[in-house]
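The values are calculated or read from the model by the stated rules, or taken from the named source; none is laboratory data. What you see is a predicted model; the values in this text were computed from it and never measured. We place every Cβ from the backbone using ideal geometry, glycine too, and count neighbours over all the protein chains shown. Just the protein is used for accessible areas: all its heavy atoms, side chains included, with ligands, DNA and RNA removed. Shrake-Rupley method; radii C 1.70, N 1.55, O 1.52, S 1.80 Å.
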Amino acid sequence: MSESEKVCLRSMLPEELKAFLTGMGQPGYRAGQVFRWLSQGVCSFDEMSDLPKSLRAQLEQQAYISRPEIVRKQVSARDGTIKYLFGLQDGNCVETVVMRYEHGNSVCLSTQAGCHMGCAFCASYERGATRNLTPAEILDQVLWAGKDSGLKISHIVLMGTGEPLDNYDNVVQFLRLVTHPDGLNISMRHISLSTCGLVPRIYDLAALHWQLTLSISLHAPNNAIRSTIMPVNRRYPVEQLMQACRDYFAATGRRISFEYAMIAGVNDSDACADQLCDLLRGLMCHVNLIPLNHVEGSPLLPSSKQTIRRFQQILQNRRINATVRRSLGGDIDASCGQLRRKAMAEKEGAKG
Ligand code: SAH
């Protein structure tokens, strides 16, 4: 069997492993053993010491285990934030960030290599080079970040490179894997999924009734502004997105989180703050105001501290929960595709 025909074992849930292994004539209980090994981050069949040698050899023929490589690692001297650049089997690479908070260690994961959503302020956008990560490649980021840092990972945010709902099936499978009681067993309540607003997929997610936190990258209170900075808004305008949020809350009972990157002169006026309040009225939600991270070569700049505070005040006066996000890892390119962008550019440069 050629490498590309082999099945990816770490992408499989226990019941799927069971079907696979019983198909090979193995007893069902082997699935539990294999799943536990995979969830511990083994990279070879030889490490699965409680499996018969003959089975390990058979597995080697038919299946493979993903094995990311740490290409780069940067540790923030300021706050201990760690940023990894992981190399994948096909030469692509993805970023993962470990952030240390009082409530626990959180890992920020990429769901695609690159992104085609095209948000004007984001460093992850790239034509062509985008592909979906497999469930295993998303899970590997949690496993390797934990193994290498020696930190216990208790929280996950799907806020790295990529649009999670544009890779819906693999992301959902990843969530089933990482929350599985026999696996890493991370609580859904400790997971946030951030989306630029793919409305039909928000409904799909709502139908699962999971307790994760849905985070919406809103960034503007009306279609005129949102469509200029986020092309996705032309497909799913603000009214549809807000209806999906209200329906999501009705289905899951989970408070929605809204991300709002403050961009000087673009979305930070008092009028914008007022419109945002109108938009969110009556919805159980939380607004995260984020000073824009400046991306090299971009004309978009962050709003001033004063403007951000004023914006926050307008929201709070109208009883909308709003906090200003503390920025971690500012000294290590820890945000929004910046390290990957640099590394990929260097690779291109080396080729040329
Ligand atoms: N595609 C998903 C998740 C990845 S982006 C989404 O759009 O939500 C994670 C968050 O970082 C999003 O809220 C995104 O809008 C935001 N972001 C991207 N570039 C940024 C920048 N330069 N400054 C601040 N936030 C940014």
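Within the accessible surface of the stretch 124-234, defined with a 1.4 Å probe on protein heavy atoms only, the carbon and sulfur portion equals 49 percent. Proximity of backbone amide H atoms, modeled 1.01 Å from N, is registered between residue 261 and 219, 290 at under 5 Å, excluding neighbours fewer than 5 places apart on the same chain.
Normalised by the number of residues in the chain, the mean separation of alpha-carbon contacts (under 8 Å, six or more apart) gives a relative contact order of 14 percent. On a per residue basis, the chain carries 45 Å² of accessible surface, using protein heavy atoms and a 1.4 Å probe. Close amide H pairs (under 5 Å, H built 1.01 Å from N) link residue 180 with 185, 186, residues at least 5 positions away or on another chain.
3J(HN,Hα) along the stretch 131-136, derived from phi through the Karplus expression 6.51 cos²θ - 1.76 cosθ + 1.60 where θ = phi - 60°, amounts to 9, 6, 7, 6, x, 5 Hz, with x in place of Gly and Pro.
Taking the accessible area of the stretch 264-329, probe 1.4 Å, and keeping the other protein chains in place, the carbon and sulfur fraction comes to 49%.
Applying a DSSP loop filter and a limit of 16 other Cβ atoms within 10 Å to the trypsin sites (Lys or Arg not before Pro) in the stretch 200-303 leaves 255, 281. Ligands, DNA and RNA left out, the accessible area of the stretch 1-120 computed with a 1.4 Å probe is 49% carbon and sulfur. For the residue pairs 18/147; 53/152; 83/147, the alpha carbons lie more than 24 Å apart in 18/147; 53/152. For the stretch 145-159, putting each phi into the Karplus relation 6.51 cos²θ - 1.76 cosθ + 1.60 with θ = phi - 60° gives couplings of 4, x, 5, 5, 7, x, 9, 7, 8, 10, 10, 10, 10, 8, 9 Hz, in residue order, rounded to whole numbers and with x for Gly and Pro. Entry note, the chain: the mean residue ellipticity at 222 nm calculated from DSSP H runs of n ≥ 4, each adding -39500 (n - 2.57), is -11000 deg cm²/dmol after division by the residues and rounding to the nearest 500.
For residue 293, no residue 5 or more places off, or on another chain, has a built amide H under 5 Å of its own.
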